[in-house]
Each structure stands twice: as C-alpha cells, then as structure tokens.
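Visitor: Got a structure for you, written out below as structure tokens; questions coming shortly.
The values are calculated or read from the model by the stated rules, or taken from the named source; none is laboratory data. All values reported here derive from a predicted model rather than from experimental measurement. Virtual Cβ from ideal backbone geometry, glycine too; neighbours counted across all protein chains shown. All accessible areas refer to the heavy atoms of the entire protein, side chains included, with ligands and DNA or RNA removed. Shrake-Rupley method; radii C 1.70, N 1.55, O 1.52, S 1.80 Å.
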Protein chains: 2
Amino acid sequence: MPDRIILKLGGSVITDKERGDAGVIRESVLQEVARALKEYADIPLLLIHGAGSCGHPQARQYHIQSGVSRENREGIYATHQAVSALNELVVRTLRAEGIEAVSVHPLEGMVASGGELSGYCLTHLHLMIDLGIVPVLHGDVVMDTEKGACIVSGDQLVRVLAQKLGMKRIGLATDVPGLLDADGSVVRELRRTMAHTIRIEGSGSVDVTGGMQGKISELLRLADIGIESDIFHISRLQDFLSGADHGGTRILPEGA
Amino acid sequence: MPDRIILKLGGSVITDKERGDAGVIRESVLQEVARALKEYADIPLLLIHGAGSCGHPQARQYHIQSGVSRENREGIYATHQAVSALNELVVRTLRAEGIEAVSVHPLEGMVASGGELSGYCLTHLHLMIDLGIVPVLHGDVVMDTEKGACIVSGDQLVRVLAQKLGMKRIGLATDVPGLLDADGSVVRELRRTMAHTIRIEGSGSVDVTGGMQGKISELLRLADIGIESDIFHISRLQDFLSGADHGGTRILPEGA
C-alpha cells in the first residue's frame, strides 16, 4: 500500500477570503481536488482544511484568543458553528464527486493546553484511513486546559497529526506557488538553519492563525523530528500526489 | 458546586419513533426540557440522547451491526449523518431556549473494540462542563478495532461517561414511568441479584440497540461499580433535578 498522505487545503484555496462574509466556498476548486484525489484513490489520505473566511470573525468578536471564560463561552459555539458549516460543505462537495469523506471536528474530540494540542484519540482516524475513508478535519476552536479554549489552526493539526499518526508525506496546497522570498521567487528548499535568512512574505489576507509564517513555523517543527513536507500551488496537486516536481517548496530536515 | 449530572433523553422522548421517517423531532418536549434545565442552571450537566427514529434505518440498510468493511463503509457516513442531523436539531432547540449546548459526535472522537467504547479523550468534556457548557452526545456509529465500525447506544455512552467522568447522578428520562414488571407496575428499586426475577417489558418500538433491556444491562454495570442511576418519565425531570421522588426506578448497587 502506498504511503499515507496528509493533505492540507489552505483556507484561501477553498474559500474566497477577500469576501469577508462566511461560507463563500470555491466549489469548482473542490471539485477539481476531488477529481485529482480519485485518480490516486489507492493512496490512504487524511484531509485538513483551513477556515478561510469562516470562523475568524467570530473568533475575533468573542476574543477567543485572549482566553475563554463563562463570559465569552458562547464564542466557542459561534466559532465552531462557522467553521463546521464550511467543513460540511467541503465534505458534501467531495462526496458528490465520489470521495468517501467524513467530517471530524477537532472541538469534539481533542483538547489543547496553552494553545497546543495535548489530548486526542487517534485510533478512529487510523481505522477510517485503513478503510479508505477520508477524515476531513479543519482549523477549529478547541477546549484548552489553561486558556479555557483556543484556536487550533489547520497547520497545527498538520504537524500534530503527521507526527502522531506516523505520516511520511505531508502536502500543503495553497493559493501561492510556495514559500516566496523577498524577490517573489519560490524558495525550493527550506531548512531550519536557513529559515532566518529568508524574509517570508505574508499572505494577502491576514487571519488569526498566522498565514505563511504560521505554516512555516509548524512545518519546521516537523522537519526538526525528521519529517519532510511540501508547499505547492493547488493547481499542482496531481504532481504532488504522483511524486513529481510540484514547483513549490520542500521543508527538509537538516542534512536531508 | 452541586454534583454533576448525566441526563439521557430517550430516543422515544425526543422523536416520534412510530413514524419511521427521520427527523421527526418533538420540539415542544425539548423546549420543556430546556425550561426545566434552566431552573437548575447551576447544576453542571452533560446530555446524551438516543437516536430515536433516526439512524436505525441506515444502520440496518448497511448492516452496520454485522461489521463494516470497504464494501459497506458508506453506511458509516449515512448513519452518522442521520443521527447528527437529529443532534443538530436538539442542540439548536436547547440553545434557542438559552441552554449553552454544544454538539459532541462520538464518531469523531471515540473508538470502540468489539462493540464496547475503548478509546476517547475526555478532558474537553470536563472543561466544557466546568464552563457551564452542556456537551450533547448521542447514540452513534463509531469506528471499531475489531468490527470496522459498530453502533454505540446512548445508554452505553451513559455508562462509560458516568464511570470515566466520575459522575454520581445519572438520570434516564424515558416515555415510560420507569422499569415496568409483567403487571405493568413500576419497579421502584432494582439490584443485580433481583434483576433475573423481573420480566422486563420491551419498549413499543424495537431499535437496534436494545430498548429497556439494553438500558438496564448498562445501568446494572454501573451499579456493579457502585454508581446509582435513575429511570423516570420525562414529565418528572424536575423531580429528578431537585432530588425529589420521581416515581420511577432506581438502579442500585448491591447492599445500597
């Protein structure tokens, strides 16, 4: 059986972040993703998507990132509801294209401590993947032992699940060709020791979970424990799946 | 702070089981439940509901109880979707009445082995309850290390969560006054040693998870480890919450 893959679909890929209103999903992009995935249906897969234009307004309105108490606890439902609605659309669209996708909401089975995921059951994810079911997770609000609740980004989910599920192939599909340097050129390989020499361009639409900077930070932590990952433009998804050059950025362990 | 409560709302209480079509929710009953819960809003609470008329048709159609493989794996989504739709209605109705309810779907964070729940993260449930959030779980299809997937009843959730969360007050609200003996009289107290002397009447609408027989079996297992529980008619919910006599059945440890 081929190596299992974690594929992250950036929030900007699946929603229109420029339009602030929630739920502006790019259905045609998702349909293309589904068609690509079907060509590689023998690859066991876990999908994660960003929140895009959904959830951020609620997270801000209720000041989730400052911690959650009884006073702003309803922000948990409000934020979760917004990103869950997006997740449901993603799952429905993938299923309509023949992908056996199933929603898995982080709030409902995971917990964080100080903003970092610290508790979860993973066995059900293993079992789903082994049955050819595609669990679809997403950036979400998660209960937190220190802060009451916090936002866990899709990128943090990528790091934690890649490590804990023992995944070897990690792909982040974005709306840019990869990590861009100050000249706008794609950085083809990135390692921890060279990371400080590169000025990372922010993504156009700032979100509460950090954009490209947050992505790189999580992926370098994966590289630190020997796990490679790839950032590429969504249009190059098939190249990533087939193992061809995707024209984007590889985040590599030191010495690799 | 008062003892934390697990309250189970029977499937027959919140849906019309006689009508086979999914989603026939008894909104007025749920509104009454919410009003009762609001009067005791200082009691930390976890809610579980049965699937009622939802989910059973899908579970049967895909033969979930015979085990799940690649051939019938789509039954997982179909069954989960049906019970999740009910759960969403329950949560929305409770929220509309001012209860800070949040959905927690067992499929998305738990796993079973041979039909028995065997893996789960519970910290997020503790944190929600401590914040005055009411997690609302439900009978669900759950991945299973031996059978691929299985149905976990709301009653099994009651037993496992009561034990693992250290809950001391367990109430099952049903559409009957309690456990009835062959004469139709309420059995006021039930202990393991007397259980075999009572012929348990089945509930009118048979479901895949065992009706009253399944309930008693789970609650006797709780009694075996020293945890009492109560079965009562939904109209007596306030009596249960206030600690008054609810006219139903108490399931007691030997010697209690």
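Visitor: Run the numbers on segment A:106-129: which residues show a drop of 50 Å² or more in accessible area, chain on its own versus all protein chains together, using a 1.4 Å probe over heavy atoms?
Guide: Listed in order, they are A:E108, A:C121, A:H124, A:L127.
Visitor: Ok, one more. Put a label point 7 Å from Cα along the Cβ direction on B:G132, then list its distances to the equivalent points in the other copies in nm, shortest first.
Guide: Copy-to-copy label distances for B:G132: 5.0 nm.
Visitor: Using the per-residue mean of other Cβ atoms lying within 10 Å as a proxy for protection, in what order, highest first, do the peptides B:84-94, B:102-112 fall?
Guide: B:102-112, B:84-94
Visitor: Interface B/A, total buried accessible area with a 1.4 Å probe, nearest 100 Å²?
Guide: Buried: approximately 3100 Å² between A and B.
Visitor: Give me the percent of the accessible area of the protein assembly as shown that comes from carbon and sulfur atoms, probe 1.4 Å, all protein chains in place.
Guide: 46
Visitor: Here's something else I'd like to know. Looking only at Cα atoms, what is the convex hull volume of segment B:1-127 per residue, in Å³?
Guide: Each residue corresponds to 112 Å³ of Cα convex hull volume.
Visitor: Taking a quarter of the surface of the convex hull around the Cα atoms of the protein assembly as shown, what do you get in nm²?
Guide: Computed as one quarter of the Cα hull surface, the answer is 23.8 nm².
Visitor: I've got another one for you. How far is B:T193 from the same spot in each other copy, in nm, shortest first, if each label point sits 7 Å from Cα toward Cβ?
Guide: Here the equivalent label points are 7.5 nm apart from this one.
Visitor: Using a simple charge model, +1 on the beta-carbon of Lys and Arg, -1 on the beta-carbon of Asp and Glu, nothing else, what dipole does segment A:5-251 show about its Cα centre, in debye to the nearest 20?
Guide: Computed charge dipole of segment A:5-251: roughly 280 debye.
Visitor: Could I ask something else about it? Residues of segment A:42-77 losing 40 Å² or more of accessible surface, assembly versus chain alone, probe 1.4 Å, please list them.
Guide: Residues of segment A:42-77 that lose at least 40 Å² of accessible area once the other chains are added: A:R70, A:R73, A:Y77.
Visitor: Can you classify segment B:87-148 as rounded, prolate or oblate using the Cα gyration tensor, where a ≥ b ≥ c are the square roots of its eigenvalues, rounded means a/c under 1.5, and otherwise it's prolate if a/b beats b/c and oblate if not?
Guide: The shape class here is oblate.
Visitor: What does the accessible area per residue of chain B come to in Å², with a 1.4 Å probe and no ligands, DNA or RNA counted?
Guide: 38
Visitor: May I pose another question? Name the residue farthest towards the positive end of the dipole of the protein assembly as shown from the options A:N87, A:G211, B:S28, assuming +1 on Cβ of Lys and Arg, -1 on Cβ of Asp and Glu, about the Cα centre.
Guide: My answer, from the dipole projection, is A:G211.
Visitor: Modelled label-to-label distance, B:E27 and B:D245, 7 Å Cα→beta-carbon offset: nm?
Guide: 3.8
Visitor: Name the GluC sites (Glu not before Pro) in segment B:3-77 that are in a loop by DSSP and that have at most 14 other C-beta atoms within 10 Å, would you?
Guide: In loop regions of segment B:3-77 (DSSP not H, G, I, E or B), the sparsely surrounded GluC sites (Glu not before Pro) are B:E18, B:E71.
Visitor: Also: Around A:Q31, what is the net charge, scoring Lys/Arg as +1 and Asp/Glu as -1 over all other residues with Cβ under 14 Å from its Cβ?
Guide: Residues near A:Q31 contribute +1 overall.
Visitor: Still on this structure, please answer the following. Roughly how crowded by other chains is peptide B:78-87, in terms of the mean Cβ count from those chains within 10 Å of each of its Cβ atoms?
Guide: 1
Visitor: Moving on to the next point. Run lengths n ≥ 4 of DSSP H only: what is the helix-derived mean residue ellipticity at 222 nm for chain B, with -39500 (n - 2.57) per run over all residues, to the nearest 500?
Guide: Estimated from H runs of four or more residues: -10000 deg cm²/dmol.
Visitor: Please find, among residues of chain B, the one with the beta carbon closest to the rotation axis relating it to chain A, distance in whole Å.
Guide: B:G109, 1
Visitor: Segment A:5-251: percent of C-alpha pairs farther apart than 22 Å?
Guide: 51
Visitor: How many partner chain Cβ atoms sit within 10 Å of a residue's Cβ in peptide B:94-104, on average, as a whole number?
Guide: Across the residues of B:94-104, the mean count of other-chain Cβ atoms within 10 Å is 3.
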